[in-house]
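Trainee: Encoded as structure tokens, here's the structure I'll be asking about.
The values are calculated or read from the model by the stated rules, or taken from the named source; none is laboratory data. Predicted model, so just to flag it, every value in this text is computed and none were measured. Here the Cβ is made from the backbone with ideal geometry for all residues, glycine too, and neighbour counts use every protein chain on show. Only protein heavy atoms, including side chains, enter the accessible area calculation; ligands, DNA and RNA are left aside. Shrake-Rupley method; radii C 1.70, N 1.55, O 1.52, S 1.80 Å.
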Amino acid sequence: MSADLLHNYLIVGAVLFVLGLLGFLTRRNLIIMFLCVEMMLQGVMLNLVAFAHYRGNLQGQVFALFILTVAACEAAVALVLILILYRTRKSLDVSLWQDLREADQELIVDEEPLPPPPKEPPQPHLTPAGPAPAQPKEGSHV
């Protein structure tokens with residue numbers, strides 16, 4: 001592998017890492033934050049494999065396998081935590097989890113308010129037996 005090709009791989013890995021970091025720092029949804037961490041791990045793994053191929057050894061690829069293993073374990077634990085947190089608060093917004101901080105830390109107030117919850121559409125109102133039957137004609141014995 002030439003140095004120019006290595007340079008291209010390193011740029012792509014750095015872009016993946018920076019995009020993941022920006023997404024993690026700017027988003028408030030737990031699932032999006034989790035995906036951004038995964039993107040950062042993929043950027044690091046791409047750099048490790050590129051360096052391993054450039055140097056002609058397998059150390060970077062071995063580290064990449066360890067990163068894959070850690071990412072899989074992290075995904076399992078994170079998804080379980082996300083499900084548990086959603087069941088208790090019915091939201092995945094990070095700003096609602098102020099009670100999980102340490103006791104000696106101060107409360108962080110968001111400048112941007114949360115959007116109001118969507119209103120549920122009204123349910124249709126039908127008569128219990130369906131539409132009203134037609135009135136019988138006068139003079140009919142039935």
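Trainee: What figure, in Å² to the nearest 10, do you get for the accessible area of VAL80 with a 1.4 Å probe and non-protein molecules left out?
Mentor: Roughly 80 Å² of VAL80 is accessible to a 1.4 Å probe.
Trainee: Comparing ILE67, ILE82, ILE108, which has the greatest mean-square fluctuation in the GNM of the chain with Cα pairs linked when under 10 Å apart?
Mentor: ILE108
Trainee: Next up: Taking the dipole about the Cα centre of the chain, with the C-beta of Lys and Arg at +1 and of Asp and Glu at -1, give me whichever of LEU58, ALA129, PHE24 is farthest to the positive side.
Mentor: Value computed over the given set: ALA129.
Trainee: Could you check the spin-label model distance between HIS7 and ARG87? Points 7 Å from the Cα along Cα→Cβ, value in nm.
Mentor: 5.4
Trainee: Under the classification rounded if a/c is under 1.5, otherwise prolate if a/b is larger than b/c and oblate if not, where does the chain fall, given a ≥ b ≥ c as square roots of the Cα gyration tensor eigenvalues?
Mentor: prolate
Trainee: Hey, if we sort ARG89, ARG27 by accessible area with the 1.4 Å probe, largest down, what's the order?
Mentor: ARG27, ARG89
Trainee: Sorted by mean Cβ packing within 10 Å, highest first, what order do the peptides 34-40, 46-52, 19-25, 101-107 take?
Mentor: Top of the packing list down: 46-52, 34-40, 19-25, 101-107.
Trainee: Sticking with this one: If you place +1 on the Cβ of every Lys and Arg, -1 on the Cβ of every Asp and Glu, and leave all else neutral, what size is the dipole of segment 1-129 about its Cα centre, to the nearest 20 Debye?
Mentor: Charge dipole, segment 1-129, about its Cα centre: 420 debye, nearest 20.
Trainee: 7 Å from Cα along Cα→Cβ at both GLU106 and LEU68: what's the point-to-point distance in nm?
Mentor: Between GLU106 and LEU68, the simple spin-label model gives 4.7 nm.
Trainee: Run the helix sum for the chain: -39,500 (n - 2.57) per DSSP H stretch of 4+ residues, divided by residue count, reported at 222 nm to the nearest 500 deg cm²/dmol.
Mentor: Counting only the DSSP helices, I get -20500 deg cm²/dmol.
Trainee: Using the heavy atoms of the protein chains alone and a 1.4 angstrom probe, what is the accessible area of the chain per residue in square angstrom?
Mentor: 82
Trainee: Separate question: To the nearest 10 degrees, how steep is helix 30-55 against the longest Cα principal axis of the chain, on a 0 to 90 scale?
Mentor: Here the helix axis deviates by roughly 30 degrees.
Trainee: In whole percent, how big is the carbon plus sulfur part of the accessible area of the chain, probe 1.4 Å, protein atoms only?
Mentor: Roughly 68 percent, rounded to a whole number.
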